[in-house]
């Protein structure tokens, strides 16, 4: 009996896409908000940007993080830190929150039940329906619990994480107040070149696989420009299909804040496109895409998240 692998269902059973595409409805929803807030980057102790929550909002609302729908409640964060599961029991590795300062909360004058308009570069972008407001008592402790400590996780953590680890810095740098609730994008941002032609959120990626006749797809996770090792890895790993080699090879690059010294996002995405355009891998079998995410560098937790993202995109196989 031959093993034939079919496309997986989304993580959680369905794609959670929360994007309003009707401009009139988007304006109406914006007007229903109690207050507005200009999204800001998370910065470290030196004022260096280490994260921007708009990327998490984009990836949440377009279904990359399904079944997550927004900023997490305190009980959900606590369960993730303890069991790496959401409240609905589905596996998920990281807390995802929308954080502000106490002063910002006071100035906004918002409370549970309100709807907050989120502005990006001065323009309406999304909204959050506030279901809970809670506090991060100790951001540094949250960072330790997210990635583990030698005392609690000696099998995987040999030394305490510190400011040398980007993901740890992100959680340590969070503001103390969390607004928990579902996000909705009400004004789709226009992606600029070169990124616009590589934007394949899960609904679109699954449609593209259908259009190309791909039943099996292996994903190449990357945050780097391609080199000959990547080329041979993709070509050889694609033979891991089922009764036949994988029909498609997808590159999914991580676009967002990374370590100092990593390649610029444009170089990464256009470099992988050059592999396709130069015919190093058959173009009909190769698709370059990206996900918006500020890398946490938290393997194996990071691997778990990337697996969820590519399952939601419709991939049957994964290589790291």
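Coordinate-derived values only; no laboratory data. Quick caveat: nothing in here was measured; it's all calculated off a predicted structure. Neighbour counts are summed over all protein chains in view; Cβ atoms, including those assigned to glycine, are modelled from backbone coordinates with ideal geometry.
Can you tell me the FRET efficiency between residue 157 and residue 242 if r is taken as the Cβ-Cβ distance and R0 is 41 Å, rounded to the nearest 0.05? It would help to have the intermediate numbers written out before the result.
Values: r = 37 Å, r/R0 = 0.90.
Efficiency computed from Cβ-Cβ geometry: 0.65.
Rounding to the nearest 10 and keeping the result within 0 to 90°, find how far the Cα-based axis of helix 265-277 lies from the longest principal axis of the chain.
Between the helix axis and the principal axis of the chain, the angle is about 20 degrees.
Residues in the range 287-320 near a label at residue 81, defined as backbone nitrogen under 13 Å from the 7 Å Cα→Cβ point?
Within reach of a label on residue 81, which here means backbone N under 13 Å from a point 7 Å along Cα→Cβ, the range 287-320 contributes nothing.
How large is Rg/Rh for the range 195-319, to two decimals, with Cα atoms and a Kirkwood Rh? Show your work: numbers first, answer last.
Details: Rg = 13.6 Å, Rh = 14.6 Å.
Rg/Rh for the range 195-319 comes to 0.93.
Identify which of 197, 115, 18 has the largest mean-square fluctuation in a Gaussian network model of the chain, with springs joining Cα atoms closer than 10 Å.
Of the options given, 197 has the highest mean-square fluctuation.
Rounded to the nearest 500 deg cm²/dmol, what is the calculated helix-only ellipticity per residue at 222 nm for the chain, with -39500 (n - 2.57) per DSSP H run of length n ≥ 4?
Values: 10 runs with 98 residues, N = 320.
For the chain, the value works out to -9000 deg cm²/dmol.
On a 0 to 90° scale, report how tilted helix 74-83 is relative to the longest principal axis of the chain, with both axes built from alpha carbons and the result rounded to the nearest 10.
The answer is roughly 40 degrees.
Give, as ranges by residue number, the residues of the range 1-38 whose backbone N falls under 18 Å from the point 7 Å along Cα→Cβ of residue 212.
Output list for this probe position: 5-8.
Give me the distance in nm between label points sitting 7 Å out from Cα along the Cα-to-Cβ direction at residue 284 and residue 232, one decimal.
Going from the residue 284 label point to the residue 232 one covers 2.7 nm.
Determine the relative contact order of the chain: mean sequence separation of Cα pairs under 8 Å and six or more apart, normalised by residue count, in whole percent. Write down the numbers at each step before the final one.
Values: 628 pairs, mean separation 78.7, N = 320.
Relative contact order for the chain comes out at 25 percent.
Can you put 98, 195, 290 in order, fewest other beta carbons within 10 Å first?
Working: 98 24, 195 16, 290 21.
So the ranking, lowest neighbour count to highest, is 195, 290, 98.
Hey, what angle do you get for helix 228-237 against the long axis of the chain, alpha-carbon based, 0 to 90 degrees rounded to 10?
Orientation of helix 228-237: about 80 degrees from the principal axis.
Taking 0.36 nm per residue of separation and subtracting the Cα-Cα distance, what length does fully extending residue 4 through residue 119 add? Please list the in-between numbers first.
On the way: separation 115, 0.36 × 115 = 41.40 nm, distance 4.64 nm.
Going from the current span to full extension adds 36.8 nm.
Compute the Cα gyration tensor for the range 258-320, then decide on rounded, prolate or oblate, letting a ≥ b ≥ c be the square roots of its eigenvalues: rounded whenever a/c is under 1.5, prolate when a/b is larger than b/c in the other cases, and oblate in all that remain.
Here the range 258-320 falls in the oblate category.
Given labels modelled 7 Å from the Cα in the Cβ direction, how far is it in nm from residue 34 to residue 134?
With each label point 7 Å from Cα toward Cβ, the separation is 1.9 nm.
Measuring from centroid to centroid over Cα atoms, what is the spacing of the range 166-201 and the range 226-281 in Å?
Centre-to-centre (Cα) distance: 23 Å.
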